[in-house]
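Visitor: Let me begin by handing over the structure; questions about it come next.
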Amino acid sequence: MIGRLLLAALLGGIIGVERDLHGRAAGLRTHILVSMGAAVFTLISIYLSGTGSGTERVGDPARIAAQIVTGIGFLGAGVIIREGMTIRGLTTAACLWSAAGIGMAAGAGYALVAAVATAIALFSLVILKYFERIYHKDSYRILIITTA
């Protein structure tokens with residue numbers, strides 16, 4: 001169990017370092033805590049669901065998992081900021097959501113899934129950022145015309 005928590009913290013920290021290097025509000029510590037916290041809740045849900053006597057199941061592990069997703073949604077919404085015509089923080093919110101998913105995978109014992117998801121997240125954050133600079137994006141503007 002400790003290994004799963006450490007893996008979740010390590011993988012969440014890897015994503016957090018990338019966010020920290022770019023000066024984002026949710027950085028290393030936040031991503032470690034989100035990933036590790038999701039792993040803890042996942043571990044608890046797995047072990048509580050099997051603590052009944054005999055074949056009786058006490059709880060449903062999917063309920064806690066659903067609440068992790070909901071809670072991280074609220075946390076992610078807190079980092080999204082609208083400034084005039086631009087919206088900031090969407091990538092950081094998505095990173096927090098991904099870190100929670102990675103933590104859940106690590107907590108459930110799916111180390112390979114957690115590692116591959118971390119690699120895909122890093123690829124998206126580092127490599128695809130350069131690719132986005134190459135291709136042309138449509139730009140939308142609001143034109144206000146006033147007449148005298």
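The values are calculated or read from the model by the stated rules, or taken from the named source; none is laboratory data. Fair warning: this is a prediction, and the values are worked out from it, not measured in the lab. Cβ: placed from backbone, ideal geometry, glycine included. Neighbour counts: every protein chain shown.
Residues checked against (1) in contact (Cβ under 8 Å) with a residue 60 or more places away in the chain; (2) out of contact with any helix residue (DSSP H, G or I) (no Cβ under 9 Å at 6 or more places or on another chain):
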residue: I64; (1), (2): no, no
residue: I72; (1), (2): no, no
residue: I81; (1), (2): no, yes
residue: G101; (1), (2): yes, no
residue: V126; (1), (2): yes, no
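Visitor: Scan region 20-38 residue by residue and report those that are under 12 Å from the mean Cα position of the chain (by Cα) and not polar (S, T, N, Q).
Guide: Listed by number, the residues that qualify are A26, G27, H31, I32, L33, V34, M36, G37, A38.
Visitor: How about region 105-122: which of its residues are among the hydroxyl-bearing types (S, T, Y) and surrounded by fewer than 20 Cβ atoms within 10 Å (Cβ to Cβ)?
Guide: Within region 105-122, just Y110 meets the criteria.
Visitor: Here's a follow-up. Report, by residue number, each residue of region 105-120 that is modelled with pLDDT of 95 or more and of a type in the set (A, V, I, L, M).
Guide: A105, A106, A111, L112, V113, A114, A115, V116, A117, A119, I120
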